[in-house]
Structure formats: C-alpha cells, structure tokens
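The values are calculated or read from the model by the stated rules, or taken from the named source; none is laboratory data. Note that the structure is a prediction, hence the values are computed from the model and not measured. Neighbour counts run over all protein chains shown; Cβ positions are idealised from the backbone, glycine included. Only protein heavy atoms, including side chains, enter the accessible area calculation; ligands, DNA and RNA are left aside. Shrake-Rupley method; radii C 1.70, N 1.55, O 1.52, S 1.80 Å.
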Amino acid sequence: MLATACGSNEPAKSAAPVAGSGDVAFLKLAQAILNDHYARHPSQATDLGIHTFDDRLEDFSAGAFAAELQSQKDLRAQVAATDAATLTLDNALDREQLLRALDAQVLYIGTIRMWRKDPDAYSSGITDAAFTIMKRNFAPAATRLKALIAREKAMPAVLQEAHRNLTEAVPIYTQIAIEQIDGNVSFFKNDVPAAFTDVADAALLAEFRQTNAAVIAALNDYKTFLVKEVSPRATTAFAYGADTFSQALAATEMVDLPIGRLLEIAESDRQRNETEIQAVARQIDPKRTADMVLQAIEKDHPAAGKLLETTQATLDSIRAFIIDHHIMTIPPSEPAQVVETPPFMRSTTSASMDTPGPFETAQVHAFYNMTLPDPRATAAEQADFMRQWYYPSISNVSVHEVYPGHFVQFLYAKYFPTDVRKVFGANTNIEGWAHYCEQMMLDEGFHAGEPSFRLAQLQDALLRDVRFIVGIKLHTQGMTVEEATKLFETEGHQPHPVAVSEAKRGTADALFGYYTLGKLMILKLRDDYKAKMGAAYTLQGFHDTLMKLGPLPLPLVRRALLGEEGSLL
C-alpha cells in the first residue's frame, strides 16, 4: 500500500533510489555473466588465469552459437533492468560496460556471424586453444598435458562443425585460413611436443601422441576441404555495411559519430601527420621526400636472426626513461620476454603483447611477440620484410607493446577495481593508450635530437590513420583489398609485405581505426583533466589515474575523471 502525505489525499512520491542500495544484486548478476563467459569460452578463461575449464574446448556447433546468442540477450535485459541510480560509481560504470559487451556479443554472433564466414576461426581457434595451455607453466607439465589431451580429443569434431557451419564463407578469409594452416600443422607437429619434453609419464605421452596425431590429420583434411570445397564456393562479401559498422562501434567503444564525421577525423589526422613526417624528413635530408628518407633508414636493421635479441636489449632503456622522467608508475615485475610470433598469427600480425591473465596466480612470463620473415620466402622477400624492423621502428613498437604500453597495462590489470574490467575492455582505451604512448614519449623528450625516431613514430601514426580510413571504406564504401593495400603503401608509407598484411586484417577487423580514435580521445581527455586539476595536475598523476580505472570505454573514463562524458574529440 502506498503511504499518503499528512493532510493530503494524494499519494506521496516514491523515495529516490539510494546510491549503493542495489550493489549486492548487481554484483551477483555481474558474476553470473562472467561465469557464463568463462564456461562458453574456456580458452579465454585459461588465458585470463582461470583454470577451472582447462580441460574443455569451445563448442563450435550451430546450436551452441544459438544458445549463446539467446543467453546474451537475456543477460543484457537483466543488466538493463538494474537501476543505475542505486549503484556506486564503480558499479554504475560496470553496468554500462556490461551492456556494451553484451550488445557486442549479440551483434557478432547474430549479425556479423564470423562463425559462418571465417574458416580460420576454426583452424586457428583450436591452435590457440592448445597454445594457451602450453605457452606458460601455470601448472606442472603433466597437469597441463592432461588438459591439452582433453582439448585435443575434441578438436577434430570442431573442424567437422566447420563443414556444417561455413555456409557464408568469405574468399579473403578462406585464403588467409589456407595460408596459415601449414603453420598450424607445424605448430602441432613441432612446437606442442617440444613444450612437454619434461613429462615422464609414458602412458600420458603415448595418449598425447595419439590425440596430437589425430589433430594433425584433421588439420590436413581441413586444408583439403578448404581448397577443394570451400574456396570454389566462397562468395560472401566481407563488408559489414554502414549500419552494422556503426552498431559495432557504438557497442564496443561507445562512439556513435556518423561515418562521414569519422572519415573527416581520420583524414584530418592523416594530413597533419603527413605534413609533419615530410618536415622531419627534411631535417634528415633537405633534398629527399619522407619515402626516400625512410627507404634509406629502413636498410639499417638487425639481421632476422638477431631481431629478438636486439629488441630485448632496447627495453631497459625505455623503462629507465619512464622512471627518470616521471612518466608513470610501473609496478614491480619481471621483464617481458621477446619471442617469435606464433605461426597461426603470422599472416596478419607484425607484433603483439601476450601477457598472463589478471587472475593468474602462478609466476609466469609475459611474451612480446615479433614476426620474423617466412623462411620459405626468397632472400629478396625476406629482406623486404625486414625493412619494417629498422632500429627506430623497433623502439617505437616496443613503446607501444611493452613500456609504457600494453605490458604496463597488464601490470595494472591485477589491481583493476572490478572483475568486469579484468575481462571486458574497449580497444579505444587499450590500443588507444599504447598508440598515444608512442607520441607522448617523444613529446616528453625520449630520443630528443634524433629525428629518425620521430620519423618512425609518424610512420606508425600514418599506418594507424590509414587503418582508420581503410576500415571504414572497406566495410561501408566498397573499397577493395587491392585499393587498401595501395593506400597503406602510399599514404601509410608501409613496405609492400606490411601493406598486404594490413589490408587482409582490415577485412575482418573492421574497427581497427580504434588506435587513432583512441589516441585522439585520450589527448582530449588529458587536456580536459589538466584544466580541471589546475596546479595539481601532473602527467604521471594523469597516467596513473587513467591506468587504475581499467579499460573502460573512454566516455565512461571521462565520466569517472570529469563527472561527465562531454565532447570526446
């Protein structure tokens, strides 16, 4: 019964929700969403450091995708029904993050449907499931081998599900899968057995040899299937279309700018960086263009066999600069280990950071992956490939991947305020931060007086600008892969092998403009935060505060730091 106000026949207004009063129910719901995610994505759970599902493999059946789609819709409705006014700020921010994460899952499963379009999702998917078990010693080798055997037993069936599911195969995705599958086979044939040489249990090893051989055979059969059956009938276009592109950007990044405005932002930044790279090139040689100067500088790179060693040696100097110049606080840690990119990632990845998950309790290493030239390539092709790894470029990529980029993000991840932020994150925050660091470090004096380092930073900035442009045009304006490749070579100033790889990536990673978009949003956030803090502002304080919040979409970061989302750019 509604209470009435004294002296009035009208019912009293309901009391306003009390902030914090709904937290218990919300936290229970949030944990249920995370548990559902771990169970449906056991390889991701392993990577996050949750080992409850190490002996399970993802269910790639059409029925499983349909069930997950419905589950995400149901969970999304429950989150939406939670009253944000009854939550503390941290939980209110997580509520928004969960809504976006669930929207993204619904969109990717139900509309984008990579599980029907991308053959590599199956072959590289099972390879990654093995890799997460073998790459780190989070448990004794025999324990991890038992989990791997359990996963391997299910892998041939995954590839059989692909036979049924790939009804909308995309030609370029099929090509990438065929290109990478020999690397997948080599991985199971050579790398996986080498990771378990310390296991002494003869019966366990015998069982592993049997399951591993079955996976290798299934992958070889899968390649035949792709070449003879899928490739001839692969006709589906890769493009998202404008509506789906905009929905994906809104779901993953909370950015709802019109596509035309996004292109204006990308082109404006490209022009600004192009003007600067030409000016920096003239500092090095007044008579040459940026491309001519880059061609000369790119010849100075380590031998392919020395790339990993050379890169490892650069990390200490970068870390020292950050500490000496009060760029940000770096939590204590073991250094990242520079290793070669796994074979199933080579076709579309030049460098990446592979860090232990935020829930991992074992003492394990972080890996900084770098892609070496394909040993099957000609000497000339390998030499062309190594142009991307000239010395200032190695430094710039290391800033992005390690200090103060992704590796430092990982070091903070264990201390993020909520588990939601340890699992879900926005790429404009994650990749935007790492890309922002490239420019910020030089602005703060790193390699001051050495214009070749600024040239490398600008080359990578232009690469990201072209990603922004290409992602939009490939998926909303009919750009071809060949046109995208050419744009990476000309306006992105990239060697041909890199341009090819980047154009391929853009067909599947439609939103890979999040590097530039995120960097620009962080620069605007920094300016606004500085204005708010006044004399109390420090660069280190801004960076530490941003990092501690976790990888929320940047509009939510603005809400946390400034009290409002305001203008993103």
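Based on what the data block shows, is residue 81 of a type outside the set (S, T, N, Q) and free of Cβ contacts under 8 Å to residues at least 12 places away in the same chain?
Judged against the criteria, residue 81 is a match.
Determine, yes or no, whether residue 435 is out of contact with any strand residue (DSSP E or B) (no Cβ under 7 Å at 6 or more places or on another chain), over 25 Å from residue 408 (Cα atoms) and touching a residue at least 60 places away in the same chain (Cβ under 8 Å).
Numbers: out of contact with any strand residue (DSSP E or B) (no Cβ under 7 Å at 6 or more places or on another chain): yes; over 25 Å from residue 408 (Cα atoms): no; touching a residue at least 60 places away in the same chain (Cβ under 8 Å): yes.
Answer is no for this residue.
Starting from residues that are open to solvent by 10 Å² or more (accessible area, probe 1.4 Å) and within 30 Å of residue 36 (Cβ to Cβ), keep the ones in the range 385-412 and report whichever is nearest to the chain's Cα centre (by Cα).
406
Of the conditions (1) within 27 Å of residue 410 (Cβ to Cβ); (2) at pLDDT 95 or above; (3) in contact with an Asp or Glu (Cβ under 9 Å, 6 or more places away or on another chain), residue 498 fails just one. Which one is it?
(2)
Please specify each residue of the range 281-301 satisfying the condition of being closer than 16 Å to residue 457 by Cβ and part of a helix (DSSP H, G or I).
281, 283, 284, 290, 293, 294, 297
May I ask you to say which residue of 542, 512 is among the aromatic types (Phe, Trp, Tyr), part of a helix (DSSP H, G or I) and open to solvent by less than 10 Å² (accessible area, probe 1.4 Å)?
542
If you check residue 250 against the conditions, is it open to solvent by less than 40 Å² (accessible area, probe 1.4 Å) and within 30 Å of residue 294 (Cβ to Cβ)? Spell out the reasoning first.
Numbers: open to solvent by less than 40 Å² (accessible area, probe 1.4 Å): yes; within 30 Å of residue 294 (Cβ to Cβ): no.
The answer is no for residue 250.
So residue 52 ticks every box in (1) in a loop (DSSP other than H, G, I, E, B); (2) surrounded by 16 or more Cβ atoms within 10 Å (Cβ to Cβ) but one. Which box is left unticked?
The one condition residue 52 does not meet is (2).
Considering only the range 243-269, state which residues are more than 17 Å from residue 114 (Cβ to Cβ) and either part of a loop (DSSP other than H, G, I, E, B) or of a type in the set (Val, Ile, Thr) (or both).
If the condition is that a residue be more than 17 Å from residue 114 (Cβ to Cβ) and either part of a loop (DSSP other than H, G, I, E, B) or of a type in the set (Val, Ile, Thr) (or both), then 254, 255, 256, 257, 258, 259, 265 are the ones that fit.
Return the total of residues in the range 549-567 being surrounded by 13 or more Cβ atoms within 10 Å (Cβ to Cβ) and not hydrophobic (A, V, I, L, M, F, W, C). Can you show your working first?
Pass one, the range 549-567, residues surrounded by 13 or more Cβ atoms within 10 Å (Cβ to Cβ): 549-562, 565.
Narrowing further to those that are not hydrophobic (A, V, I, L, M, F, W, C): 550-551, 553, 555, 558-559, 565.
Adding up the residues that qualify gives 7.
Tell me which residues, restricted to the range 480-505, are open to solvent by 20 Å² or more (accessible area, probe 1.4 Å) and of a type outside the set (S, T, N, Q).
481, 482, 483, 486, 487, 489, 491, 496, 497, 500, 504, 505
Looking at the range 349-359, can you tell me whether even one residue there is out of contact with any helix residue (DSSP H, G or I) (no Cβ under 8 Å at 6 or more places or on another chain), under 23 Å from residue 141 (Cβ atoms) and open to solvent by less than 30 Å² (accessible area, probe 1.4 Å)?
Looking for residues that are out of contact with any helix residue (DSSP H, G or I) (no Cβ under 8 Å at 6 or more places or on another chain), under 23 Å from residue 141 (Cβ atoms) and open to solvent by less than 30 Å² (accessible area, probe 1.4 Å), one finds at least one in the range 349-359, hence yes.
Which condition does residue 518 not pass, out of (1) without any contact (Cβ under 8 Å) to a residue 40 or more places away in the chain; (2) open to solvent by less than 20 Å² (accessible area, probe 1.4 Å); (3) not aromatic (Phe, Trp, Tyr), if it passes all the others?
The failed condition is (1).
Filter the range 45-57 down to residues that are in contact (Cβ under 8 Å) with a residue 60 or more places away in the chain and either closer than 16 Å to residue 356 by Cα or in contact with a Gly (Cβ under 7 Å, 6 or more places away or on another chain) (or both), then give me how many there are. Spell out how you get there, then give the answer.
First pass over the range 45-57, keeping only residues in contact (Cβ under 8 Å) with a residue 60 or more places away in the chain: 46-51, 54-57.
Adding the requirement that they be either closer than 16 Å to residue 356 by Cα or in contact with a Gly (Cβ under 7 Å, 6 or more places away or on another chain) (or both) leaves 46-51, 54.
Qualifying residue count for the region: 7.
If you check 39, 92, which single one turns out to be at pLDDT 95 or above and buried (at least 21 other Cβ atoms within 10 Å of the Cβ)?
92
Considering only helices (runs of 4 or more DSSP H) fully contained in the range 383-461, which possess at least 3 residues that are of a type in the set (S, T, N, Q) and under 22 Å from residue 327 (Cα atoms)?
391-401, 427-443
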